[in-house]
Amino acid sequence: MNLLQLSDFLIHQQQKGVMKEENCLAQTDLIQVFQLAELKHPLIRENSKPSIIYQYTGHEKIKIGQNDCFLSGGNLLYVAENSSITFFPLKKGSIIVQMVLETTESLPQLLKKLQPTLLSTQTFMSQMIEQLDQQGYLFFDSKKTDDPAYIMERILCDYFDSVEFAGKTILAKYDLLVIELLRGRFAILSEEHFFKNHYTLDDLMEYIEIHYQTTTLEKMAAFFNYNSNYLSNFLKKETGKSFMELLQIKKMTVALELLGNPQITIEEIVDYIGYSSTSFFYKKFKSYFGISPAKMRQFL
C-alpha cells in the first residue's frame, strides 16, 4: 500500500459512518490501530496502554483528562497509559487515527535507549519525559510535510497492508518516528520547562552547528523561547559577532570543506548550505575569503 492508497482506504473507512476497529497484525501484537469516523456523540476511551493519536486530515479538539488539545493535519499526540481520552464529534472530512502500543514500546523507554550525545538534545529529552510524567501526554507540532507525519503514514500503510515482515518494519519505523520527533524538537513544552534550564553559549552555538542550513534569528529565538532581540544581543556580547556573522562563518566553513571534493558542483554546495542564489554565494564567499569559490577550488 502506498500513501495515495492509504488516503483512499481511510476515506473509505470513514464513509462507513461508524468507528472502525482494526485487528492487530499477525506479525506483531505490539500495536492496535483505531480509526475514528464522523462520531455523533463524544467518545470516552480509558487508555490502559500508551498510544499515539495522529490527525490525518482536518482540525479537531480532543481532551486528555481535563486538558483540551487542538490538532490539525500532521499533528501527533502521545498519551501515556492509564489516561482518559475524549473524542468529540468530528467535522466532515476529518480523520483521526489512534495507534495503541504495548507498555514495552512506551515513549520514555525508547527515549532513554537513545542516549544522545548533544547536550541540548539531552536537555530537551529530559524536559519531554518530565512533562509527560506531569501531565500524561505530549503534543508534537509536526505538519503533513514533516518527516514524522510521513513516517507515521508509512507505519499505517504497513499496518493495513499486512505484507510479509510488516510487524518488524512497523517497529523499526516507530523507533525512527521517535528519533525524528526528538531530533526535530517537535514537542511543545510548557513555559515552565523552557525556563527551568538556563541555556549556555555552548547550547546556542550547538544549535547553529546543527541548523545553519535553514535557521533564522526568529526561528532560533522561538526554539529557545527567547526574545529575538535578547538573543541577538546575547550572541554579540558573548562572541563579538552577530547572529548573521556566526551563521555565515558556519556556512563558509562547510562550503570550503565541500569545495575540496571535485565531484560536488558549486551549485550543489550552494543548495546544501542553504543559499538560494549562486551569485549571492559567490559574493559572500569572495567577501569572506578574498577569492572566488572557483579560484579557491584550485588551491584545495
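So here's what we get for this one:
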quantity: Hey, L111 under 16 Å from the mean Cα position of the chain (by Cα) and closer than 20 Å to Y54 by Cα or not; calculated: yes
quantity: Yes/no for V97 being crowded, with 19+ Cβ neighbours inside 10 Å, modelled with pLDDT of 70 or more and within 23 Å of S142 (Cα to Cα); calculated: yes
quantity: Given (1) in a helix (DSSP H, G or I); (2) among the aromatic types (F, W, Y); (3) modelled with pLDDT under 85; (4) surrounded by 14 or more Cβ atoms within 10 Å (Cβ to Cβ), index of the condition Y150 fails; calculated: (3)
quantity: Single residue of segment 100-143 satisfying the filter (among the charged types (D, E, K, R) and surrounded by 14 or more Cβ atoms within 10 Å (Cβ to Cβ)) that is nearest to R185 (Cα to Cα); calculated: D141
quantity: Restricting segment 153-164 to residues that are charged (D, E, K, R) and assigned to a helix (DSSP H, G or I), the residue that is nearest to F223 (Cα to Cα); calculated: E153
quantity: Any hit, segment 61-83, residues being surrounded by fewer than 18 Cβ atoms within 10 Å (Cβ to Cβ), over 19 Å from the mean Cα position of the chain (by Cα) and within 16 Å of L107 (Cβ to Cβ); calculated: yes
quantity: Total residues in segment 39-77, condition part of a loop (DSSP other than H, G, I, E, B) and not hydrophobic (A, V, I, L, M, F, W, C); calculated: 12
quantity: Criterion violated by A26 - all others in (1) over 25 Å from Y150 (Cβ atoms); (2) at pLDDT 65 or above; (3) part of a loop (DSSP other than H, G, I, E, B) satisfied; calculated: (2)
quantity: Entirely in segment 247-300, the helices (runs of 4 or more DSSP H) that have 1 or more residues that are surrounded by fewer than 14 Cβ atoms within 10 Å (Cβ to Cβ), out of contact with any His (no Cβ under 8 Å at 6 or more places or on another chain) and among the polar types (S, T, N, Q); calculated: 278-289, 293-298
quantity: Which listed residue is within 18 Å of T215 (Cβ to Cβ), in contact with a Phe, Trp or Tyr (Cβ under 8 Å, 6 or more places away or on another chain) and not basic (K, R), from M296, M252; calculated: M252
quantity: Long-range neighbours under 7 Å by Cβ, at least six apart or interchain, first residue on the phi < 0 side of the Ramachandran plot within segment 117-145, second among the β-branched types (V, I, T); calculated: Y137/I64; Y137/V79; F139/I188; D141/I188
quantity: Helices (runs of 4 or more DSSP H) wholly inside segment 165-235 that include at least 1 residues being at pLDDT 90 or above and surrounded by fewer than 17 Cβ atoms within 10 Å (Cβ to Cβ); calculated: 166-183, 201-211, 217-224
quantity: Filtered residues of segment 102-147 (kept if of a type in the set (D, E) and not in a helix (DSSP H, G or I)); calculated: E102, D141, D146
quantity: Cross-chain or 6+ apart pairs with Cβ under 9 Å, segment 154-176 first and over 13 Å from I52 (Cβ atoms), then among the β-branched types (V, I, T) and modelled with pLDDT of 90 or more; calculated: L176/I151
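The values are calculated or read from the model by the stated rules, or taken from the named source; none is laboratory data. Just so it is clear, the model here is predicted, and its values are computed rather than measured. Using ideal geometry, Cβ is built from the backbone for each residue, glycine included, and neighbour counts are taken over all protein chains shown.
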